[in-house]
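As structure tokens, the structure follows; a few thoughts come after it.
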Amino acid sequence: MRVYLDTNVLVSAFATRGLCADLLQVILSHHQLVVGETLLAELRRVLSRKLRMSHGLVDEVAAFLRSQSSVVAGAPPIALELRDPADRSVVAEAVAGAADVLVTGDGELLGAAAGAPLPIVSPRAFWELLKAGPRSG
């Protein structure tokens, strides 16, 4: 499965132990992680400004993600009603990267899931999906 993890999920995965860190580990081991240039830029900003990670550590995180994922650059715009243009870019990158699912903790993205061109689920919902195993059909 190709999985796009939103910035908030990746920040949690790198900053804390818990569900998001476990998800990242499972995805890297058994699935294909998809990230985009918009996401990587936002991740760098959040890690350095909000979490005050050193530039060296932020560079290591970005290099790690680039080496372990499919990176989408220049995704075409997508028509989805969202207030934040960055959220539209995230969905566009997920679609352009042929992701099967976008995992986010962003309430606005989760609220727009019904009209989105791919499933958008919370980290907990994705974890439950993984625990349920592959679906037949």
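The values are calculated or read from the model by the stated rules, or taken from the named source; none is laboratory data. Just so you know, these numbers come straight off a predicted model, no measurement behind them. Neighbour counts are summed over all protein chains in view; Cβ atoms, including those assigned to glycine, are modelled from backbone coordinates with ideal geometry.
Couple of notes before you dig in:
- Filtered residue count, segment 71-106, keeping only those that are at pLDDT 90 or above and of a type outside the set (A, V, I, L, M, F, W, C): 6
- Leading residue by the ranking (surrounded by the most Cβ atoms within 10 Å (Cβ to Cβ)) among those in segment 100-120 that are among the hydrophobic types (A, V, I, L, M, F, W, C) and in a helix (DSSP H, G or I): Leu109
- Any chance Ser54 is farther than 12 Å from Thr7 by Cα, modelled with pLDDT of 95 or more and hydroxyl-bearing (Ser, Thr, Tyr): no
- All positions within segment 12-39 that are within 10 Å of the chain's Cα centre (by Cα) and touching a residue at least 24 places away in the same chain (Cβ under 8 Å): Leu33, Val34, Val35, Gly36, Leu39
- Comparison of Leu82, Leu23 shows that the only residue that is within 14 Å of Leu5 (Cβ to Cβ) and surrounded by 14 or more Cβ atoms within 10 Å (Cβ to Cβ) is Leu23.
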